[in-house]
Amino acid sequence: MPARAKPGRRSYGPRAVRTVRYPEAYDPILERLAAESGIPLSSWLALAVSQQAGLEIPDYVKDELEKAARERATREAEQELDMLDMPKSA
């Protein structure tokens, strides 16, 4: 009998876990940058580290960035449609 897929998010694969310490003042800036990218802070940090080290961006981060871009495009298209539906002022 084939194994059933586990519910929930897909596996990101084997990853190392590190505690990262940086100045407290950086935290809101890093959180904002991650939010602007549409990905979790931990994924944004993995993106920044991989780019700084000249390494390939992890697949799960690429997937999250692509998902965020699709969601952003959908929101923008919806906003454009909303603008078309607005009544013209006299």
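We did not get these values from a lab; they are worked out from the coordinates using the rules stated. All of these numbers come straight from a predicted model, not from anything done at the bench. All Cβ positions, even for glycine, are placed from backbone atoms using ideal geometry, and neighbour counts span all protein chains on display.
Some observations on this one:
- Mean residue ellipticity at 222 nm, helices only, the chain: -19500 deg cm²/dmol; runs of at least 4 DSSP H residues each add -39,500 (n - 2.57), and the sum is divided by the number of residues.
- Trypsin sites (Lys or Arg not before Pro) lying in DSSP loop within region 15-75, provided at most 15 other Cβ fall within 10 Å: Arg15, Arg18, Arg21
- Whole-Hz Karplus values for region 60-66 come out as 5, 6, 4, 4, 5, 5, 5 Hz, taken residue by residue from phi with 6.51 cos²θ - 1.76 cosθ + 1.60 and θ = phi - 60°; glycine and proline positions read x.
- Per-residue Cβ neighbour rank within 10 angstrom, fewest leading, Val49, Val20, Val61: Val20, Val49, Val61
- Our note on the geometry: Cα centres of region 3-46 and region 63-79, 19 Å apart.
- Working note: Karplus 6.51/-1.76/1.60 with θ = phi - 60° gives region 39-56 the couplings 10, x, 4, 4, 6, 5, 5, 4, 4, 4, 5, 5, 5, 4, 8, x, 9, 5 Hz, where Gly and Pro are set to x.
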